[in-house]
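Chemist: I have a structure here, written as structure tokens, and I will follow up with some questions on it.
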Amino acid sequence: MKRLFVQAAVLIAGALTLVGLGAVSSILAGNTTLAGVAVEAASPDSTSALVAMTGRLKATEAELQRAHQILEFSGRYRIPADLTASIYDHALAEGIPPAIGFQLVRIESEFKNTARSYAAAIGLTQLRLPTARSYDATIQASDLMNPDVNLQIGFRYLRDLLDQFNNDVALALEAYNKGPTLVMAQRAMGEEVRGKYSRAVMMGLRKKT
């Protein structure tokens, strides 16, 4: 029990440090109430109190880890905390390493949700409307300028490509850039498929997170 009190104190101190940076309030959606941890820590030494406090500590630790990662990515790419949180959360939700998600968005759109390409690709992850409509037939071009809509579909598409190419990240990224049909055709002809695009995106995995 004494060990849990110490852990609670450490986690609360870390949270207060983040608050001092003025960032947690904008980063953490649905914060775990830290005061609740302190209350739990002062509760009677019983099995139910111990279980409750352990669960609260784990939840708080996870939120602090999320906050730390979001602050790190926000500073690295010099983008607002709310956009950073969206990219981070959508990447995790679709099973994409956040480091890959951030590099992909940087390369595709330079973090501009209004970006458009000559190939009619739109938004943060540069989705083409036919691709987006394969996930939601009601999608309009204007919808793809909504960061959350664009990130969700873009990362889901990348997740599907990873599944299609047996979790070969480089191949999936090249397919994201060129289209899976072209990548499969190049492979069938014995051509080297992995190139500059996948290497550039995968640089995110080699950076400290």
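Chemist: Considering only segment 139-180, how many residues are polar (S, T, N, Q), more than 20 Å from Arg116 (Cα to Cα) and either in contact with a Leu (Cβ under 6 Å, 6 or more places away or on another chain) or not in a helix (DSSP H, G or I) (or both)?
Modeler: 2
Chemist: Going by the structure shown, is Thr114 crowded, with 20+ Cβ neighbours inside 10 Å, in contact (Cβ under 8 Å) with a residue 12 or more places away in the chain, more than 18 Å from Tyr157 (Cα to Cα) and of a type in the set (S, T, N, Q)?
Modeler: Criteria not met by Thr114.
Chemist: Another question, if that's okay. In segment 178-209, which residues are surrounded by 11 or more Cβ atoms within 10 Å (Cβ to Cβ) and of a type in the set (A, V, I, L, M, F, W, C)?
Modeler: Leu182, Val183, Met184, Ala185, Val193, Ala200, Val201, Met202, Met203, Leu205
Every residue, every condition in (1) without any contact (Cβ under 8 Å) to a residue 40 or more places away in the chain; (2) under 16 Å from Leu104 (Cα atoms); (3) hydrophobic (A, V, I, L, M, F, W, C), yes or no:
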position: Arg128; (1), (2), (3): yes, yes, no
position: Thr131; (1), (2), (3): yes, no, no
position: Asn146; (1), (2), (3): yes, no, no
position: Ala172; (1), (2), (3): yes, yes, yes
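Chemist: Given the conditions (1) in a loop (DSSP other than H, G, I, E, B); (2) touching a residue at least 60 places away in the same chain (Cβ under 8 Å), and given that Val193 satisfies all but one, which numbered condition is not satisfied?
Modeler: Against the list (1) in a loop (DSSP other than H, G, I, E, B); (2) touching a residue at least 60 places away in the same chain (Cβ under 8 Å), Val193 comes up short only on (2).
Chemist: Also, quick follow-up: If Thr125 meets every condition in (1) part of a loop (DSSP other than H, G, I, E, B); (2) touching a strand residue (DSSP E or B) at 6+ places or on another chain (Cβ under 8 Å) apart from one, which number is that one?
Modeler: Checking Thr125 against (1) part of a loop (DSSP other than H, G, I, E, B); (2) touching a strand residue (DSSP E or B) at 6+ places or on another chain (Cβ under 8 Å), the one that fails is (2).
Chemist: For Val169, are the conditions met, namely being within 16 Å of Gln103 (Cβ to Cβ), in the same structural domain as Ser109 (by TED's automatic domain parsing) and among the β-branched types (Val, Ile, Thr)?
Modeler: Spelling it out, Val169 is indeed within 16 Å of Gln103 (Cβ to Cβ), in the same structural domain as Ser109 (by TED's automatic domain parsing) and among the β-branched types (Val, Ile, Thr).
Chemist: Answer with yes or no whether Ile70 is hydrophobic (A, V, I, L, M, F, W, C) and not in a helix (DSSP H, G or I).
Modeler: No; evaluated as a whole, the condition is false for this residue.
Chemist: Does Pro147 count as closer than 22 Å to Asp82 by Cβ and modelled with pLDDT of 95 or more? Steps first, please.
Modeler: Numbers: closer than 22 Å to Asp82 by Cβ: yes; modelled with pLDDT of 95 or more: yes.
In short, yes.
Chemist: Moving to a separate point now. Taking segment 150-159 only, how many residues are within 15 Å of Glu174 (Cα to Cα) and either hydrophobic (A, V, I, L, M, F, W, C) or modelled with pLDDT under 95 (or both)? I'd like the intermediate steps shown before the answer.
Modeler: Of segment 150-159, the ones within 15 Å of Glu174 (Cα to Cα) are 154-155, 157-159.
When the remaining residues are screened for being either hydrophobic (A, V, I, L, M, F, W, C) or modelled with pLDDT under 95 (or both), the result is 155, 158.
Selection size over segment 150-159: 2.
Chemist: Can we say Leu71 is outside the structural domain of Arg159 (by TED's automatic domain parsing) and at pLDDT 95 or above?
Modeler: yes
The values are calculated or read from the model by the stated rules, or taken from the named source; none is laboratory data. What you see is a predicted model; the values in this text were computed from it and never measured. Positions of Cβ are generated from backbone atoms using ideal geometry, with glycine treated the same way; all protein chains shown enter the neighbour counts.
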